[in-house]
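The values are calculated or read from the model by the stated rules, or taken from the named source; none is laboratory data. Fair warning: this is a prediction, and the values are worked out from it, not measured in the lab. Because the Cβ atoms are built from the backbone with ideal geometry, glycine has one as well, and the counts that use them run over all protein chains shown. Remember, those area values only see protein heavy atoms, side chains included, never the ligands or the DNA or RNA. Shrake-Rupley method; radii C 1.70, N 1.55, O 1.52, S 1.80 Å.
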Amino acid sequence: VVFPFASGPRRMVHVGRFSARMLSALGLTVRTSGEMGTGSTLLVANHVSWLDILAINAVQPVRFVSKADVRGWPLVGWIVACGGTLFIERERRSDAMRVVHQVAEALSSGAQIAIFPEGTTSDGRDVLPFHASLLQAAVTTGVSTQPVMLRFSDASEPFSLAAPYIGDMTLMQSLWSVANARRLTAHVNFLPPLNGPHADRRSLGEQLRGGIVQALIEAQERHG
């Protein structure tokens, strides 16, 4: 009812509120550390679950780049589409260039965009190699990039086994796992941004991934 009549910024406010309420309904708490940069920024996060988008949006609504099949997911797909998500067909290499241009245009207009360069999810304890193609948008526009370390904990594990959406798990299986976890918490850690201009996308990707890996190592050391 509200969205067709809301401006872009107002839509993002609603996306943030709805994301926070959905996490709360699933029994999740969100904790943040660090500060998100201001102005045009490319956020680069590790990827653990479909919950990642909700967790970041609950803290600070941004536009995402997400794989195309997420658009068809119940409720979650609707939320991310309403937030101006740019959908990419990862199976088509040529589609990456199209999305790079769209991300560059959005960043040039002052938008904040979030991407998951791993291209798929992990168990949350490590970071898979980055695919650097989408980072070209930051290299081209010279905007700041900011690594974001995502981690999920629960009552028994500092790295929850309930949160990762990996392997052959279905969305319903993931929902059941999340709903049955005790004190599931999403940790959104904003790491220091890397200010442009950037040399090239591969070296930029290595720097961003290295920062997230180090933050995960420090979290493991703190919690054993």
*Among the numbered criteria (1) over 16 Å from HIS47 (Cα atoms); (2) open to solvent by 60 Å² or more (accessible area, probe 1.4 Å); (3) more than 15 Å from the chain's Cα centre (by Cα); (4) modelled with pLDDT of 90 or more, which single criterion is violated by ALA104?*
(2)
*Would you check which residues across region 168-184 are farther than 25 Å from GLY34 by Cβ, in contact with a Ser or Thr (Cβ under 9 Å, 6 or more places away or on another chain) and open to solvent by 70 Å² or more (accessible area, probe 1.4 Å) and list them?*
ARG182
_Exactly one condition in (1) part of a loop (DSSP other than H, G, I, E, B); (2) under 18 Å from the mean Cα position of the chain (by Cα) is false for ALA181; which is it?_
(2)
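Starting from residues that are open to solvent by 20 Å² or more (accessible area, probe 1.4 Å) and more than 15 Å from the chain's Cα centre (by Cα), keep the ones in region 148-165 and report whichever is modelled with the lowest pLDDT.
Kept after step one, since they are open to solvent by 20 Å² or more (accessible area, probe 1.4 Å), are these residues of region 148-165: 154-158, 161, 165.
If we keep only those that are more than 15 Å from the chain's Cα centre (by Cα) too, we end up with 154-158, 161.
Numbers: ASP154: 97, ALA155: 95, SER156: 92, GLU157: 95, PRO158: 96, LEU161: 95.
Step by step, filter region 148-165, then rank; the result is SER156.
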_Contacts under 9 angstrom Cβ, first residue in region 204-217 being touching a residue at least 60 places away in the same chain (Cβ under 8 Å) and over 9 Å from VAL127 (Cα atoms), partner part of a helix (DSSP H, G or I) and of a type in the set (Val, Ile, Thr), 6 or more apart_ = LEU204/VAL139
*May I ask you to list pairs of residues, at least six apart or on different chains, whose Cβ atoms are under 9 Å apart, with the first in region 145-167 being within 16 Å of GLU221 (Cα to Cα) and the second being open to solvent by 10 Å² or more (accessible area, probe 1.4 Å) and acidic (Asp, Glu)?*
PHE159/ASP123; SER160/ASP154
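Each row is one residue, and each column tells you yes or no for (1) in contact with a Lys or Arg (Cβ under 8 Å, 6 or more places away or on another chain); (2) at positive phi; (3) open to solvent by 20 Å² or more (accessible area, probe 1.4 Å); (4) part of a strand (DSSP E or B).
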{"position": "ILE113", "(1), (2), (3), (4)": "yes, no, no, yes"}
{"position": "THR120", "(1), (2), (3), (4)": "no, no, yes, no"}
{"position": "ASP123", "(1), (2), (3), (4)": "no, no, yes, no"}
{"position": "GLN146", "(1), (2), (3), (4)": "no, no, no, yes"}
*Before we move on, is ARG63 under 24 Å from ALA179 (Cβ atoms) and either open to solvent by 50 Å² or more (accessible area, probe 1.4 Å) or in contact (Cβ under 8 Å) with a residue 40 or more places away in the chain (or both)?*
no
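Restrict the check to region 125-144 and report whether at least one residue is under 24 Å from ALA179 (Cβ atoms), at pLDDT 90 or above and buried (at least 22 other Cβ atoms within 10 Å of the Cβ). Talk me through it step by step, then tell me what you get.
Going through region 125-144, the residues under 24 Å from ALA179 (Cβ atoms) turn out to be 125.
Now drop any that are not at pLDDT 90 or above, which leaves 125.
From what's left, buried (at least 22 other Cβ atoms within 10 Å of the Cβ): none.
Within region 125-144, not a single residue is under 24 Å from ALA179 (Cβ atoms), at pLDDT 90 or above and buried (at least 22 other Cβ atoms within 10 Å of the Cβ).
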*asked:* Of everything in region 19-54, what is open to solvent by 70 Å² or more (accessible area, probe 1.4 Å), under 23 Å from PRO158 (Cα atoms), modelled with pLDDT under 95 and not in a helix (DSSP H, G or I)? Give them in sequence order.
replied: GLU35
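Has region 185-195 got any residue that is open to solvent by less than 90 Å² (accessible area, probe 1.4 Å), more than 27 Å from MET22 (Cα to Cα) and in contact (Cβ under 8 Å) with a residue 60 or more places away in the chain?
Narrowing region 185-195 to residues open to solvent by less than 90 Å² (accessible area, probe 1.4 Å): 185-191, 193-194.
Among the residues that remain, those that are also more than 27 Å from MET22 (Cα to Cα) are: 193-194.
Those still in the list that are in contact (Cβ under 8 Å) with a residue 60 or more places away in the chain too: 193.
Scanning region 185-195, I find at least one residue that is open to solvent by less than 90 Å² (accessible area, probe 1.4 Å), more than 27 Å from MET22 (Cα to Cα) and in contact (Cβ under 8 Å) with a residue 60 or more places away in the chain, so the answer is yes.
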_Which numbered condition GLY16 fails, given (1) open to solvent by less than 50 Å² (accessible area, probe 1.4 Å); (2) without any contact (Cβ under 8 Å) to a residue 12 or more places away in the chain_ = (2)
*Count of region 196-210 residues which are at pLDDT 95 or above and open to solvent by less than 30 Å² (accessible area, probe 1.4 Å)*: 3
